[in-house]
Amino acid sequence: MGPGVRWDDTLLWGGPPTRRDQHPPSILPLWQGRTATVPFGLIHKGAIGVSDRLNISSGYPFEDVYGYARAVRVGEQIFVSGTTARGPDLDRDVYAQAQSAIGLIAEALQKAGAELRHVVRTVVYLTDMADTDAVALAHSEAFGTIRPASTLVKVAGLTPATARVEIEVTAIIHDRAS
């Protein structure tokens with residue numbers, strides 16, 4: 001499937017095909033347990049089986065240089081890579097950087113068919129523990145009502161070098177409510 005393709009109930013409703021002729025050939029590899037990459041695309045909730053994997057790209061050039069995906073969905077689980085602010089947000093204070101990173105995480109989750117409310121774990125990396133209160137405020141604003149498990153780690157540095165906070169999350173789509 002190409003960039004920007006939206007999967008919907010007309011293509012994927014009802015689970016995997018039982019015969020090869022029931023769905024277009026471009027859909028079949030997903031049910032055969034292969035990896036698919038959907039840059040800038042969306043998937044329908046529940047469209048992926050437990051043994052299937054979907055790599056999600058944000059289009060950030062470092063993903064190709066380093067060889068990683070912004071997020072990976074396997075079944076109902078979504079793993080979002082460590083995320084920092086980008087561009088002009090890197091020149092802002094640590095609170096704004098954390099908000100920016102959480103916004104990028106929310107975009108990745110949305111592309112995977114999830115929302116921030118599905119986050120069950122966060123890992124926050126800080127270059128300076130003096131920034132804890134500001135980052136905790138941004139984290140609490142985003143996750144305070146769902147209260148995921150969380151770990152805070154001090155690191156010597158991040159990439160890009162001007163980043164002061166990096167956040168990674170794990171989400172599980174535990175409900176079907178919209």
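All of the numbers you see were taken from the coordinates with simple rules; none came from a lab. Note that the coordinates shown come from a computational prediction; the quantities given were computed from them, not determined experimentally. We place every Cβ from the backbone using ideal geometry, glycine too, and count neighbours over all the protein chains shown.
Suppose R0 equals 22 Å; then what is the FRET efficiency for Phe79 and Thr132 from their Cβ-Cβ distance, rounded to the nearest 0.05?
0.35
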Open item on the list: For q values of 0.14, 0.17 Å⁻¹, compute log₁₀ I(q)/I(0) with the Debye formula on a Cα-only model of the range 45-178, without solvent.
Closed with: -0.60, -0.88
Open item on the list: Using a 7 Å offset from the Cα along the Cα-to-Cβ direction at both Thr145 and Arg53, what is the distance between the two label points in nm, to one decimal?
Closed with: 3.5 nm
Task: Virtual paramagnetic centre 7 Å along Cα→Cβ of His174, amide N under 12 Å, in the range 143-158 - done: 146-149
Open item on the list: Run the simple label-point estimate for Asp93 and Thr159 please: 7 Å along Cα→C-beta, distance reported in nm.
Closed with: 3.0 nm
